[in-house]
Amino acid sequence: MELTAQFFDARCLKPRCGPTPLSFTGAPKGVIMPDVSQFPVLHTRAATVLRNTSRPIILVGFQHQGNLGLGYLASTLRQHGYSVVICDIEAPPDQIVATAMQSNPMIIGFSLIFQFYILQYQRIIGMLREAGVQCHFTMGGHFPSLSHVQTLKMVPELDSVVRFEGEMTLLELADVIGNGHDWRTVPGIAYRMGDAISTTPMRSLVDDLDQFPYPDRNYEPETAIGHKALPLLASRGCARTCSFCSIQTFYRTAPGKIVRTRKPALVVEEMRSLYLDRGIKIFLFQDDDFPLFGPVWRRWAADFVSELHRSGLSSRVIWKMNCRADSVDPAVFASLRDAGLYLVYMGLESGNEEGLKTLHKQVTVEQNLRAVQLLKQVGLLFEFGFMLFDPGSTLDSVRTNINFLRTILADGCAAAVFCRMLPYDGTPIKDELERVGRLKGDVVKPDYDFLDPRVTALYHSLSSIVDVWGWIHGYRALSPQLNWVSNEIAIMERMCPALPGLPDLKQTVRRLTQESNDILFQVVDELLNIAVNGGATTWTNAKLDRHRRQFLDQLLDARNAYVSLHQNALLDSLQIDASLSRIDEPAIA
Ligand code: B12
Ligand code: SF4
């Protein structure tokens, strides 16, 4: 095997780290055609309906890092005989239109999981209709589920909206449309009736997640330092009630059990087949809140750990998950680490008590601080979500937040990433802002003003001085790239622990991270002082950009030199152990 230039030179393809838990390189673009022969089916059900599967179903969605929602929808449809074509919403619109024209689909299903994409969907859907595509158009995802009326108004070409978990509803919709029956009777949808919007009875959330076949992942996995990574789910739903989060509303509005966990043995079985069939060594658990909190989920986690050890995977694969600060316990996390956990994404969200209350996090600053400290003690890499600004922000709370970040990041363990809370549809905080007349903007750019105009001025001056997309957010920004290299180092530590010089690289990256963070903190500090005492800032966009470029150059030089020097050992670590047992029995002693 040969390593590509991309593998070595992050400058050719800057590591695509998003403002998100973890990002990987090389996401496929465009149309992803199904290869049904390779598709793993875990469970099959006896067909109870006579189906007309003569025309395919097209699913359109955001594919970067692999879209599990589309994956489950596609695999469920295929399990019942339908052929499915998946298109990436980021593909050129003409390509999506051409695919639809060529394949004469029965349904096109659009997946809108980020509400700010709605205009992009609106445009493509309009183009499809203009091109003469007449089949049934439906849309699913968080925003359409919670704001179905607005969705149908904003996108008049849609025939229906599928609300909440979509597998069974889309399948029934396909069955009914295929057989020429009235689709308006299908439970779980919304549709237009003249000027009004009607809904059918809501469909319950699926109780047994293991009834689904494995999600379709028929795309090239993204890679990190050459190791392939794929997303998966151990559970769905979240029991918490953060005020800024539409997920909790999504799973609470539909009838049925809010949090459902899969059987640990079946999750491990899915990992094992992906390891053996696709060479996947990094697993990204996308569960909103990995099952860890309270005695029942602790037992679940313990069973999962035992299964990983029993399968032989714990020494061959690594994984990342998302959790909250109040789930972090040293003994539990040490056992997760020993079973392959290497990266934890924690939604810390705020570093001051008022902010945590506004966001209804139901954790304290002390808990956040302790969780970070424990993760460091256990030796786990962590990344975090943090909102420097929220609707209750004051100059004091912003200062406290920056000091919180200074404390947890003092050792350069992670790059500073922060944002302003956005009031998404379906969230309690959006409803509250609307109630008190503070909600501004629209679906694409929901907005609000702070109560203290000095905070609004601070926010605007900060956004104009710091190139947010160059430093904090986006695949090519500095903080995400610093985190990306720390992520690579953590992977190398786990996958090839004997590599010489790794501690030196780690130290260099930590130093750069400290220095980069420090500049961001200095900027916020100075702007805060100006907001209180007046005066003019000494920071300019150009000055910050010079710093940013210097950091990036130093980072990439250090990283690329290290990878080039150790390419043989790194290549060796990519091997898959084919002797691992395929069947459910202990594979190694
Ligand atoms: C994985 C993930 C990502 C991945 C995306 C991977 C991908 N391609 O899907 C990455 C890391 C890239 C990502 C990035 C971001 N994310 Co994100 N992400 C998630 C997360 C944690 C899981 C998604 C998932 O796999 N769910 C599991 C599947 C099975 O469920 P599902 O997607 O809901 O799909 C089901 C139903 O919705 C429905 N359905 C969905 N689509 C369709 C279509 C049809 C036709 C039908 C019938 C049904 C249907 O049926 C599906 C199966 O049951 C969600 C939270 C969540 N629980 O969904 C946040 C979430 C989607 N992300 C969110 C946000 C805010 C972001 C970022 C903006 C973060 C940031 N600060 O930058 C970025 C935006 C990236 C961009 N586009 O620029 C928000 C979206 C809020 C909103 N209302 O718009 C969410 C909801 C998190 C939250 N708690 O608020 N994210
Ligand atoms: S932010 Fe996370 S923990 Fe809070 S409700 Fe949403 S998914 Fe759950």
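The values are calculated or read from the model by the stated rules, or taken from the named source; none is laboratory data. What you see is a predicted model, and the numbers here were worked out from it, not measured in a lab. Every residue, glycine among them, receives a Cβ derived from its backbone with ideal geometry; neighbour counts consider all protein chains shown.
Among the residues of the range 329-360, count how many are part of a strand (DSSP E or B), within 16 Å of ligand 1 (Cβ to nearest atom) and of a type outside the set (V, I, T). Lay out the reasoning, then the answer.
Going residue by residue through the range 329-360, those that are part of a strand (DSSP E or B) are 341-349.
Now drop any that are not within 16 Å of ligand 1 (Cβ to nearest atom), which leaves 343-349.
So of that shortlist, the ones also of a type outside the set (V, I, T) come out as 343, 345-349.
Selection size over the range 329-360: 6.
Take the residues of the range 447-464 that are farther than 18 Å from D525 by Cβ and buried (at least 21 other Cβ atoms within 10 Å of the Cβ): which is farthest from the chain's Cα centre (by Cα)?
For the range 447-464, the residue satisfying everything is F450.
For residues that are charged (D, E, K, R) and closer than 18 Å to H227 by Cβ, scanning just the range 308-336, find the one that is nearest to ligand 2 (Cβ to nearest atom). Lay out the reasoning, then the answer.
Step one: of the range 308-336, the residues charged (D, E, K, R) are 310, 316, 320, 324, 326, 329.
Subsequent filtering for residues that are closer than 18 Å to H227 by Cβ retains 316, 320.
Details: R316: 30, K320: 15 Å.
Ranking the candidates gives K320 first.
Only residues that are part of a loop (DSSP other than H, G, I, E, B), under 24 Å from the mean Cα position of the chain (by Cα) and touching a residue at least 60 places away in the same chain (Cβ under 8 Å): list them for the range 281-312, please.
Q286, the sole residue that qualifies.
Restricting the search to the range 246-269, which residues are away from ligand 1 (no atom under 14 Å from the Cβ), over 13 Å from S204 (Cβ atoms) and surrounded by fewer than 22 Cβ atoms within 10 Å (Cβ to Cβ)?
Within the range 246-269, K263, P264, A265, L266, E269 qualify.
In the range 49-62, how many residues are surrounded by fewer than 23 Cβ atoms within 10 Å (Cβ to Cβ) and either near ligand 1 (Cβ under 7 Å from one of its atoms) or on the phi > 0 side of the Ramachandran plot (or both)?
Counting residues in the range 49-62 that are surrounded by fewer than 23 Cβ atoms within 10 Å (Cβ to Cβ) and either near ligand 1 (Cβ under 7 Å from one of its atoms) or on the phi > 0 side of the Ramachandran plot (or both) gives 1.
Within the range 283-307, how many residues turn out to be within 16 Å of ligand 2 (Cβ to nearest atom), polar (S, T, N, Q) and farther than 22 Å from L230 by Cβ?
Residues meeting the conditions: 0.
Any chance the range 552-571 includes a residue that's under 21 Å from A224 (Cα atoms), out of contact with any His (no Cβ under 6 Å at 6 or more places or on another chain), modelled with pLDDT of 95 or more and outside any helix (DSSP H, G or I)?
yes
Is it the case that the range 427-436 has a residue that's crowded, with 21+ Cβ neighbours inside 10 Å and either in contact with a Gly (Cβ under 6 Å, 6 or more places away or on another chain) or not in a helix (DSSP H, G or I) (or both)?
yes
Being away from ligand 2 (no atom under 16 Å from the Cβ), of a type outside the set (V, I, T) and modelled with pLDDT of 95 or more is the filter here; which residues of the range 57-78 pass it?
Start the filter on the range 57-78 by keeping residues that are away from ligand 2 (no atom under 16 Å from the Cβ), which leaves 57-67, 70-78.
Right, trim to of a type outside the set (V, I, T) and you get 59, 61-67, 70-75, 77-78.
Result: L59, G61, F62, N67, L70, G71, Y72, L73, A74, S75, L77, R78.
Select from the range 409-429 the residues that are over 21 Å from the mean Cα position of the chain (by Cα), within 16 Å of ligand 2 (Cβ to nearest atom) and under 28 Å from L520 (Cβ atoms) and list them in ascending order. Before you say what the answer is, go through the steps one by one.
So the first thing to find is which residues in the range 409-429 are over 21 Å from the mean Cα position of the chain (by Cα), and the list is 409-413, 428-429.
Remaining after also requiring within 16 Å of ligand 2 (Cβ to nearest atom): 428-429.
Across the range 409-429, the qualifying residue is only I429.
With modelled with pLDDT of 95 or more and touching a Gly at 6+ places or on another chain (Cβ under 6 Å) as the only criterion, which of D210, D216 stands out? I'd like the intermediate steps shown before the answer.
Numbers: D210 fails: touching a Gly at 6+ places or on another chain (Cβ under 6 Å).
None of the other options fit; the residue is D216.
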